[in-house]
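The values are calculated or read from the model by the stated rules, or taken from the named source; none is laboratory data. Owing to the predicted nature of the structure, the values given are computational and were not obtained by experimental measurement. Here the Cβ positions follow ideal geometry from the backbone for every residue, glycine too, while neighbour counts run over all protein chains shown. Surface accessibility is based on the protein's heavy atoms, side chains included, excluding ligands, DNA and RNA. Shrake-Rupley method; radii C 1.70, N 1.55, O 1.52, S 1.80 Å.
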Amino acid sequence: MAQTDTEIVRGELLFDGNEKQVYATEDPEKVIFRFKDVATAYNNIKKAVFPEKGVVSNRISSLLFSYLEQNGIHTHFIAELGDREQLCRRSRNIPLELKVRNYFAGSLADRLGIDDGTKAATVIYDLNYNRQDLGDPMVNDSEAVALGIVNFEDLEFIYDVARRVNVLLSELCGRAGLKLVDFKLEFGRDAEGRIMICDEIGPDTGRFWDAATDERLDKDRFRHDLGYIVASYQKVLDRLLAVSGGKPADAEPVRS
Ligand code: TMP
């Protein structure tokens, strides 16, 4: 057992990922997410350490999750704990990733032969099966249901939540002088079986561009060796803080 920066006691290490760790707490329905200073790309082929990246990523994700919670979106986020930790609801993982795209970029721009940064005529939703050993393949709705991962009602809910998240985050980013090009969502179920958004949202899992210059302020800086990774993430954080009235509020009071 190790003490975190607050009174919450960090228990057993439940999951040790490339960029994040998950720890148990004394409450079986609550876990601690800890952000490392590691960046990975291309299914972990590329990997590097950037001091303080985990701190900035934690702040951004805490801010965005608490903003979503305040706007009626159910997420796993409960509260920011210390510099690089947050308290979250324990989630029963749904092995799907949903990419939400407002502009063509990255793998989609490559796949369809369209210039990076072209505005999409409609929001694009790409559903992927979260199976790293298979390279997280794209699946359609009936495949996801046939695999037994979700039912059609769950999918309807997931797409509706993703649409609302996109509206909320695009509006927030717009006020912050940022263009939300795309982002990836992960989902899980809480103790009552309700679907909630899990994992993280930020420049590691979404594309955030400067709205005026199209400067990339996200993980593409690492993917394409553009440098200034943490400084760019910090720019995203500073701009979001400027339009969010400072520190993100806790979604729920922290038990001491
Ligand atoms: P893509 O252009 O590689 O398909 O990625 C679309 C968005 O999804 C981008 O913002 C990065 C994010 N993403 C992840 O968070 N995890 C992943 O494993 C992949 C492939 C993409």
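Among the residues of the stretch 87-105, how many are near the ligand (Cβ under 10 Å from one of its atoms) and within 17 Å of the chain's Cα centre (by Cα)? Don't jump to the end; show me each part of the working.
At the first step, the residues of the stretch 87-105 found to be near the ligand (Cβ under 10 Å from one of its atoms) are 97-101, 104-105.
If we keep only those that are within 17 Å of the chain's Cα centre (by Cα) too, we end up with 97-101.
Result for the stretch 87-105: 5.
Being surrounded by fewer than 18 Cβ atoms within 10 Å (Cβ to Cβ), modelled with pLDDT of 95 or more and out of contact with any helix residue (DSSP H, G or I) (no Cβ under 9 Å at 6 or more places or on another chain) is the filter here; which residues of the stretch 121-133 pass it? Even if it seems obvious, please write down each step before you answer.
Filtering the stretch 121-133 for residues surrounded by fewer than 18 Cβ atoms within 10 Å (Cβ to Cβ) gives 121-126, 129-133.
Now restrict to residues that are modelled with pLDDT of 95 or more: 121-126, 129-131.
Passing the criteria: A121, T122, N130, R131.
For the subset of the stretch 146-160 comprising residues that are within 12 Å of P95 (Cα to Cα) and surrounded by fewer than 16 Cβ atoms within 10 Å (Cβ to Cβ), which member is nearest to the ligand (Cβ to nearest atom)? Steps first, answer last, please.
Let us first name the residues in the stretch 146-160 that are within 12 Å of P95 (Cα to Cα), namely 147-150.
Of the ones still in play, those that are also surrounded by fewer than 16 Cβ atoms within 10 Å (Cβ to Cβ) are 147-148.
Details: L147: 19, G148: 23 Å.
The residue in question is L147.
Which members of the stretch 41-54 meet the condition of being crowded, with 18+ Cβ neighbours inside 10 Å and either free of Cβ contacts under 8 Å to residues at least 40 places away in the same chain or among the polar types (S, T, N, Q) (or both)?
G54
Suppose the filter is within 13 Å of the ligand (Cβ to nearest atom), under 28 Å from N151 (Cα atoms) and of a type outside the set (D, E); does L185 pass it? Spell out how you get there, then give the answer.
Numbers: within 13 Å of the ligand (Cβ to nearest atom): yes; under 28 Å from N151 (Cα atoms): yes; of a type outside the set (D, E): yes.
For L185, the condition - within 13 Å of the ligand (Cβ to nearest atom), under 28 Å from N151 (Cα atoms) and of a type outside the set (D, E) - is met.
Mind checking which pairs have a first residue in the stretch 183-198 that is open to solvent by 10 Å² or more (accessible area, probe 1.4 Å) and a second that is within 13 Å of the ligand (Cβ to nearest atom) and not in a strand (DSSP E or B), Cβ under 7 Å, 6 or more apart or different chains?
Cβ pairs passing all conditions: K184/T205; E186/D199.
Pull out all pairs, ordered by first then second residue, where Cβ-Cβ is under 7 Å, the residues are six or more apart or on different chains, the first lies in the stretch 209-220 and is in contact (Cβ under 8 Å) with a residue 40 or more places away in the chain, and the second is within 11 Å of the ligand (Cβ to nearest atom) and of a type in the set (A, V, I, L, M).
Once the first residue is in contact (Cβ under 8 Å) with a residue 40 or more places away in the chain and sits in the stretch 209-220, its partners that are within 11 Å of the ligand (Cβ to nearest atom) and of a type in the set (A, V, I, L, M) give W209/V181; K219/A41.
Restricting the search to the stretch 120-133, which residues are within 12 Å of the ligand (Cβ to nearest atom), over 24 Å from R164 (Cα atoms) and free of Cβ contacts under 8 Å to residues at least 40 places away in the same chain?
R131
Filter the strands (runs of 3 or more DSSP E) completely within the stretch 1-105 down to those with at least 1 residues that are acidic (D, E).
Details: elements: 13-16, 20-24, 30-35, 38-41, 46-49, 77-80, 85-89, 92-104.
Per the criteria, 13-16, 77-80, 85-89, 92-104.
From R84, R164, grab the single residue that is in contact (Cβ under 8 Å) with a residue 60 or more places away in the chain, more than 16 Å from the ligand (Cβ to nearest atom) and closer than 25 Å to F33 by Cα. Lay out the reasoning, then the answer.
On the way: R84 fails: in contact (Cβ under 8 Å) with a residue 60 or more places away in the chain.
Going through R84, R164 in turn, the sole match is R164.
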